[in-house]
Amino acid sequence: MGAPDLYFSCDVEADGPVPGPYSMSSFGLSVAGVFDGRAFTPYPPAKHTFYAELKPISAEFVPEAAAVSGLDRERLAVEGQDPRAAMTAAGAWVRARAREAGAVPVFAAYPLGFDWMFMYWYFLRFAEAGSPFGHSRALDIKTLYAARAGAQIRDAVKSSMPRRLLSARPHTHHALDDAIEQAELLQNLMVWDGVR
């Protein structure tokens, strides 16, 4: 059997719907746990984390999207990290955590599409070593819930989930807070039998 998977919960805040024309404002990563194909071992989700706020890469933005995180674009333009430095550091951090665990890094998000799109694009565009997750090592927590619950994707929303699956942490739209909250949801789902 090969190396186990090490799950990294990720949350992204951005100032528009797609990367390139718009910018990723911040992202947070939290190590959620390791899965060897049989057993899942959770990690304390606030123990191993990475957070960055980034300089915008274009002048375009959607005001409503930019407002969600509460981050000021003008401040980010001055104080935010250069995307090359931030993504290179994040990639190195992911690889180091995976080496320590003797595992393969797997990206996890709820829902996957938005966060993966920004992170993968930014890793390819800016990180020196590219994506530490390859092009497809990713888990959609929304789909995981739907499969375990026997629910349609449209019903795989937190308001429909049993409360015991949800994190007690608030959803703040701060990328690191939300990555940690999401890591706890993933941990609960990995050991859930699907019984409501």
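The values are calculated or read from the model by the stated rules, or taken from the named source; none is laboratory data. Model, not experiment: these values are computed from the prediction. Every residue, glycine among them, receives a Cβ derived from its backbone with ideal geometry; neighbour counts consider all protein chains shown. Ligands, DNA and RNA are stripped out before the accessible areas are found, and what is left, the full protein with its side chains, is counted by its heavy atoms. Shrake-Rupley method; radii C 1.70, N 1.55, O 1.52, S 1.80 Å.
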*Taking the stated definitions as given, is PRO42 crowded, with 16+ Cβ neighbours inside 10 Å and closer than 17 Å to PRO132 by Cα?*
no
*Run down ALA101, ALA129 and say which single residue is open to solvent by 20 Å² or more (accessible area, probe 1.4 Å) and touching a helix residue (DSSP H, G or I) at 6+ places or on another chain (Cβ under 7 Å).*
ALA129
_Considering only residues that are open to solvent by less than 60 Å² (accessible area, probe 1.4 Å), of a type outside the set (A, V, I, L, M, F, W, C) and assigned to a loop (DSSP other than H, G, I, E, B), which ones fall in segment 158-171?_
PRO162, SER167
*Quick one: which residue in ASP11, ASP115 is touching a Cys at 6+ places or on another chain (Cβ under 9 Å), modelled with pLDDT of 95 or more and surrounded by 15 or more Cβ atoms within 10 Å (Cβ to Cβ)?*
ASP115
*In the set ASP155, ASP178, ASP140, ASP82, which member is of a type in the set (D, E, K, R) and open to solvent by less than 30 Å² (accessible area, probe 1.4 Å)?*
ASP178
*asked:* Pull out all pairs, ordered by first then second residue, where Cβ-Cβ is under 8 Å, the residues are six or more apart or on different chains, the first lies in segment 115-139 and is free of Cβ contacts under 8 Å to residues at least 24 places away in the same chain, and the second is part of a loop (DSSP other than H, G, I, E, B) and surrounded by 20 or more Cβ atoms within 10 Å (Cβ to Cβ).
replied: TYR120/SER131; TYR120/PHE133; LEU124/SER131
*Restricting attention to segment 49-66, does a residue exist that is at pLDDT 95 or above, under 14 Å from the mean Cα position of the chain (by Cα) and open to solvent by less than 20 Å² (accessible area, probe 1.4 Å)?*
yes
_Looking only at segment 122-154, how many residues end up being assigned to a helix (DSSP H, G or I), over 15 Å from the mean Cα position of the chain (by Cα) and over 16 Å from ASN188 (Cβ atoms)?_
5
*Within segment 24-39, restricting attention to residues that are small (Gly, Ala, Ser) and crowded, with 21+ Cβ neighbours inside 10 Å, which residue is nearest to LYS55 (Cα to Cα)?*
SER25
